[in-house]
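In what follows, a structure is listed as structure tokens, so that the remarks can point back to it.
The values are calculated or read from the model by the stated rules, or taken from the named source; none is laboratory data. Predicted model, so just to flag it, every value in this text is computed and none were measured. Ideal geometry is used to build each Cβ from the backbone, glycine not excepted, and the neighbour counts take in all protein chains shown. With ligands, DNA and RNA removed, areas are computed over all heavy atoms of the protein, side chains included. Shrake-Rupley method; radii C 1.70, N 1.55, O 1.52, S 1.80 Å.
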Amino acid sequence: MALLSISEPGKSKPPAHAVRKRAVGIDLGTTNSLVAVANEGHAHTLCDHAGHCLVPSVVHFAKDGAVIVGDAARNHGANDAANTISSVKRLMGRGIEDIDYDLPYEIVPDPQGGMPLVRTAAGDKSPVEISAQILRELVSRAESELGGSIDGAVITVPAYFDEAQRQATKDAARLAGINVLRLLGEPTAAAVAYGLDRKKEETVIIYDLGGGTFDVSLMRLEQGVFKVLATGGDAALGGDDIDRLVGQWILEQAGIGESLSYSLRNALAAVARDAKHTLTAAGSAEITFEHWTGTLTRREFDGIVDAVIDKTIKACRRVLRDARMTVDEIADVVMVGGSTRTPRVRERVAEFFGSPVHTEIDPDKVVAIGAALQADVLAGNKYGDEILLLDVIPLSLGIETMGGLMEKIIPRNTTIPVARAQQFTTYKDGQTAMSLHVMQGERELVADCRSLARFELKGIPPMVAGAAVIEVMFQVDADGLMEVQAKELSTGISSSVVIKPSYGLAEKDIERMITDSFASAASDKAARALQESRVEAQRIIEALESALAADGRQLLDESEYAALTDGMEKLARLIDSDDADAIHAAAEALNEASLVFAGRRMDSQIKTALTGHKIQEYD
Amino acid sequence: MPRTFQVDAAELESRYKQLQAAWHPDRFTVADDSKRLQALQKTSLVNDAYVTLKSPLKRAAHLLALQGVDAEEHNQAHFGADFLYRQMILREQLEALGEQEDMAGLDAMKAEVSSETNAALEEFEALYGQGQFSEAKQRYNRLQFLFKLLDEIDAVEENLLDY
């Protein structure tokens with residue numbers, strides 16, 4: 001099966017080495033990436049000769065096979081957009097059906113059903129390969145600066161990244177020949193960068209507003225353990241939205257309609273972005289777009305930005321609620337991401353939490369710096385006062401059960417590593433195989449969650465329905481990667497897989513899945529009741545059918561037999577209706593009607609069991 | 001940790017952190033495969049134990065399991081008609097409060113169900129302490145209803161507060 005790769009549990013990591021290590025921290029971003037290195041608890045980002053530390057996450061593929069990464073690649077964007085690949089992070093761990101927005105380059109489906117492939121002059125490239133190119137560039141920058149090869153890296157991922165996205169990131173690192181010491185949540189890395197004193201006990205908020213995503217995490221530091229208590233955000237909200245709103249404001253002021261050509265739209269976005277940057281320090285910005293010239297004041301700009309900030313504040317309230325905490329309990333707020341340079345953002349966030357916001361470390365570099373500090377420790381360079389970082393899984397993990405329902409096995413915000421087992425029974429007499437469908441999401445219906453993998457457990461010994469018990473064990477490691485094992489308990493038949501999902505929902509769907517699960521709790525419940533009544537009805541019909549076929553004619557008279565088959569037909573007709581109560585009532589009635597038959601079967605089976613034994617055995 | 005229903009929250013936190021610090025896979029990045037697998041399994045177990053001990057409901061189920069009592073096995077009659085009837089009324093009341101967007105009513109209901117829950121928790125503790133496990137199990141099964149109801153109250157509240 002294309003979705004799965006089977007390996008022995010716990011053996012997927014290469015062995016590590018044991019002498020003094022060179023390790024780096026890598027922030028693999030959507031727009032820009034960075035690499036940083038730490039020594040004796042101090043970290044700095046590595047820059048090129050021109051003093052540029054940010055490496056644009058852009059890769060250019062030329063016809064002759066030459067690959068360029070970073071600033072040079074971005075400069076190709078204008079004249080060779082089709083071969084200049086940007087924002088590849090948004091394709092990681094996603095399926096082609098999730099990409100419902102315009103890209104300046106062409107993507108095509110993967111024949112194996114995995115992530116979409118990017119069509120370039122140098123051939124079709126997977127998002128994992130392209131990310132690996134960026135990682136190689138960062139590593140070579142580090143190696144030339146450090147004068148030797150590196151032993152390992154901590155790579156950061158957004159806290160909301162699901163299993164498929166984390167797996168894709170780790171695969172890219174492996175492809176680039178990097179020994180991954182840990183996939184670390186971006187907010188966790190940012191918190192580490194602020195060099196928290198291990199003797200301190202406090203609760204902090206990490207507020208991360210990037211170009212296209214918003215991420216908020218609530219963390220508690222105690223006894224040298226830094227634990228994520230809750231995480232949330234909006235995977236489709238960021239500085240780009242501010243630019244878009246400023247652009248709309250310009251169009252309104254200039255009296256220009258909203259339908260613009262691609263190049264004009266890009267020009268508008270650039271003008272809007274410039275105005276935003278100007279307003280970071282100045283009280284007003286002069287704007288020229290096409291034939292219009294005007295002034296955007298800080299006050300007007302703040303009004304525009306508030307629409308975006310309001311959404312982030314809402315996500316902050318949600319995270320506080322999830323952790324059952326109030327703003328009074330928050331000691332510090334750490335600001336991450338370029339969009340937190342906007343003064344209005346800092347002002348509103350400080351006001352909401354009633355505590356100072358930390359902006360001392362460059363919000364573009366803070367994640368890489370934290371990752372470098374942790375990489376230095378994880379590589380084995382111990383200083384004796386290491387802080388332990390405990391991450392959580394951002395979305396619930398579960399399994400599909402009968403009737404398209406999602407059974408949650410590990411709820412979101414559970415600290416990792418974690419292992420949970422759940423038991424399932426066979427549904428039909430003589431059933432010898434069971435297929436398992438692993439899901440991630442918050443909704444009750446499978447159709448609304450993200451499919452991670454399917455696999456089949458074969459060779460279950462044939463028994464009556466319900467007699468074979470299958471235990472499914474989910475193991476999530478410290479990187480947030482999952483392994484699923486299934487075992488038939490009476491015989492110990494086991495099947496173990498490392499889940500390698502290759503397609504799924506768009507990032508905005510993750511956010512939608514969480515908010516919807518709440519809004520639609522009621523409709524989910526009704527849908528669930530309906531599905532359950534159908535499953536129940538189906539089971540009664542099948543059990544009765546097999547019993548009637550076995551000894552119905554011997555044990556029942558004509559009218560009794562007919563009454564049961566009538567009841568069965570009536571129920572079968574109702575199953576397809578949407579009336580859960582009617583299905584349930586008919587199923588109950590049929591169950592009731594079959595009690596006499598069940599009683600006679602039991603008597604008859606006891607008689608059969610006793611026949612053939614000698615009387616004295618029972619004396 | 002002592003095997004009692006009352007758990008010292010500070011001690012639980014402290015023990016949890018000690019065990020995490022000793023066994024987290026981050027402490028074994030340079031160890032061999034078997035040591036790393038052991039670290040993964042140990043910390044998974046520690047995380048699970050922590051979640052179990054922190055939740056009064058899971059703690060109760062675990063204490064019953066330690067006595068060989070299957071806490072999940074029960075039938076309708078086991079609860080008593082009065083209890084089930086009251087649960088039904090409470091759920092209808094909750095639905096009505098949600099529709100009327102009655103925050104004050106919701107707060108009052110939450111307080112009422114919380115105090116009922118606390119009373120049932122105390123009863124469980126006393127019965128369990130006296131070795132009356134079958135009675136304790138009945139309290140546990142009632143607590144399942146009550147905790148679920150509290151979750152539902154929270155969900156309605158969050159909906160009204162637009163979280």
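Side notes on the structure shown:
- Compared with the alpha-carbon gap, the fully stretched path from B:Leu12 to B:Gln87 is longer by 23.7 nm at 0.36 nm per residue.
- Where only DSSP H runs of four or more residues are counted, chain A gives -12500 deg cm²/dmol as its mean residue ellipticity at 222 nm, each run worth -39500 (n - 2.57).
- Look at the alpha carbon pairs under 8 Å that are at least 6 residues apart: their mean separation over the length of the stretch B:9-54 gives a relative contact order of 45 percent.
- Environment charge at A:His437 (Cβ cut-off 13 Å; Lys +1, Arg +1, Asp -1, Glu -1): -1
- Sulfur and carbon atoms: percent of accessible area, the stretch B:76-160 [1.4 Å]: 51 percent
- Within 10 Å of the Cβ of each residue in B:152-162, the mean number of Cβ atoms contributed by other protein chains is 2.
- The stretch B:135-155 residues near the modelled B:Ser114 label - backbone nitrogen below 19 Å, point 7 Å along Cα→Cβ: B:143-155
- Label-point gap, in nm, between B:Ala96 and A:Glu300 - each point 7 angstrom along Cα→Cβ: 5.4 nm
- Summary of the geometry: the stretch A:555-582 and the stretch A:185-252, compared by the centres of their Cα atoms, lie 58 Å apart.
- Spin-label pair B:Ala21/B:Glu73, simplified geometry with 7 Å Cα→Cβ offset, distance in nm: 4.4 nm
- C-alpha center-to-center spacing [the stretch A:159-180, the stretch B:114-163] in angstrom: 42 Å
- Rounded Å value of the spacing that divides the Cα centres of the stretch B:57-110 and the stretch A:311-327: 27 Å
- A:Ala66-A:Ile256 FRET efficiency (beta carbon distance; Förster radius 41 Å; 0.05 resolution): 0.50
- Chain-alone versus full-assembly comparison, the stretch A:307-330, residues with accessible loss of at least 40 Å² (1.4 Å probe): A:Lys314, A:Arg317, A:Arg318, A:Arg321
- Size of electric dipole in the stretch B:76-160: Cβ of Lys, Arg +1 and of Asp, Glu -1, about Cα centre, debye, nearest 20: 540 debye
- Label-reachable residues, the stretch B:46-68, where backbone N falls under 19 Å from a point 7 Å from B:Glu122's Cα toward its Cβ: B:56-57, B:60
- Shown for chain A: cysteine residues without a partner Cβ closer than 4.7 Å, namely A:Cys316, A:Cys449.
- Within the accessible area of the stretch B:9-54 (1.4 Å probe), percent carbon and sulfur: 60 percent
- For the stretch B:1-43, residues shielded by at least 30 square angstrom of accessible area compared with the chain on its own, probe 1.4 Å: B:Tyr16, B:Lys17, B:His24, B:Asp26, B:Arg27, B:Thr29, B:Val30, B:Asp33, B:Arg36, B:Leu37, B:Leu40
- Unit charges on C-beta of K, R, D, E only; dipole of chain A, Debye: 1380 debye
- For the stretch B:9-54, the equivalent ellipsoid derived from the Cα gyration tensor has semi-axes of 22, 11, 5 Å, listed largest first.
- Shielding of peptide A:176-188 by partners, expressed as the average count of other chain Cβ atoms within 10 Å per residue Cβ, is 1.
- Most positive-pole-ward Cα, A:Pro411, A:Ile540, A:Trp249, against dipole of the protein assembly as shown from beta carbon charges: A:Pro411
- The stretch A:313-449, accessible area per residue, ligands and nucleic acids excluded (1.4 Å, Å²): 34 Å²
- The stretch A:101-239: C-alpha gyration tensor shape, a/c 1.5 cut-off, then a/b vs b/c: oblate
- Using a cutoff of 8 angstrom between alpha carbon atoms and counting only pairs six or more residues apart, the relative contact order for chain A works out to 15 percent.
- Net length available on complete extension from A:Ala421 to A:Arg265 is 51.0 nm, with 0.36 nm assigned per residue and the Cα-Cα distance removed.
- Tensor-based shape of the stretch A:63-176 (alpha-carbon gyration tensor, a/c under 1.5 rounded, otherwise prolate or oblate): oblate
- Accessible surface computed residue by residue for chain B, with neighbouring protein chains in place and a 1.4 Å probe, gives 53 Å² per residue.
- Considering only B:Lys110, B:Lys54, B:Lys35, the mean-square fluctuation computed in a Gaussian network model of chain B, springs between alpha carbons under 10 angstrom, is largest for B:Lys35.
- Residues whose amide H lies under 5 Å from that of A:Ala467, counting only those 5 or more places away or on a different chain, are A:Thr426; hydrogens are built 1.01 Å from N in the peptide plane.
- Förster-model FRET efficiency, 60 Å R0, A:Ala593 and A:Tyr101, C-beta, rounded to 0.05: 0.60
- The helix-only estimate of mean residue ellipticity at 222 nm for chain B, built from DSSP H runs of length n ≥ 4 each weighted as -39500 (n - 2.57), is -26500 deg cm²/dmol after division by the residue total.
- For A:Glu145, net neighbour charge (Lys/Arg +1, Asp/Glu -1) across residues whose Cβ lies under 12 Å away: 0
- Greater than 30 Å apart at Cα, pairs in A:Lys170/A:Lys200; A:Lys89/A:Lys200; B:Lys54/B:Lys137: A:Lys170/A:Lys200; A:Lys89/A:Lys200
- Ranked packing of A:370-381, A:240-251, most packed first, by mean Cβ within 10 Å: A:370-381, A:240-251
- Within a Gaussian network of chain B (alpha carbon springs, distance under 10 Å), most fluctuating of B:Gln38, B:Gln144, B:Gln93: B:Gln38
- Summed buried accessible surface, chains B and A, 1.4 Å probe, nearest 100 Å²: 3100 Å²
- Mean sequence separation of contacting Cα pairs (under 8 Å, at least six apart), scaled by the length of the stretch B:76-160, corresponds to a relative contact order of 37 percent.
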